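Please treat every number below as a calculation from the coordinates, not as lab data. Source: prediction; values computed, not measured. Cβ: placed from backbone, ideal geometry, glycine included. Neighbour counts: every protein chain shown.
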Amino acid sequence: MVIKVGIGGLEVARSPEILETILGSCVAIMLYDKWKRIGGMAHSVLPEARGEVKDPGKYVNTAIPALITKMTIEGARPEKLVAKLAGGANMFKSFRGINVGEKNVAMAKKLLKEYGIPIVGEDVGGNSSRIVKFYLKDGKVEVRKKNNIVVI
């Protein structure tokens, strides 16, 4: 079954489920425990939350700890997690010189490093939207941009 992850959403599931989202400047943060075949995806819109957060998936700095917590509850082992990233495109002219997509990716990389979670694949940047499918049976991620498909 395909589980759609909406803007600002966060989902955790087990094999054989597929997590799917559509991205522009947002970043998809995908965590996976290959031995338990449990995966999680957050569709983060902005790098940092300021104030109270109702939807932790919306912000990179709240999405990563929320994913780790939800996955641990489902049986994943934090020390076995690996990460993949997709998205972070520069879809629009930079607002006041700020490239939101680039900032989202940079924050995700910084926090994953702090949590000790290696990034084993990525398809980030550029200026194209993406459709992302995360296959929990094997951890593969299919990224579709225009007429091109990349597997990470």
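In table form, for the structure just shown:
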{"item": "Label-to-label distance, nm, for residues given as TRP35 and SER129 (7 Å Cα→Cβ offset)", "result": "4.0 nm"}
{"item": "Relative contact order (percent, whole number), the chain, Cα cutoff 8 Å, 6+ residue spacing", "result": "28 percent"}
{"item": "Neighbour cut-off at most 12 other Cβ (10 Å), DSSP loop, trypsin sites (Lys or Arg not before Pro), segment 33-66", "result": "ARG50, LYS54"}
{"item": "Prolate/oblate/rounded call for segment 2-151, Cα gyration tensor, a/c under 1.5 rounded", "result": "oblate"}
{"item": "Net lengthening on full extension, LYS113/LYS146 (0.36 nm per residue, minus Cα-Cα)", "result": "8.8 nm"}
{"item": "Cleavage-rule hits (trypsin sites (Lys or Arg not before Pro)) in segment 61-152: DSSP loop, at most 16 neighbouring Cβ within 10 angstrom", "result": "LYS93, ARG96, LYS137, LYS140, LYS146"}
{"item": "The chain - mean residue ellipticity at 222 nm from DSSP helices (-39,500 (n - 2.57) per run, n ≥ 4, rounded to 500)", "result": "-6500 deg cm²/dmol"}
{"item": "Inter-label distance for LYS54 and GLU74, nm, one decimal - labels placed 7 Å from Cα along Cα-to-Cβ", "result": "2.4 nm"}
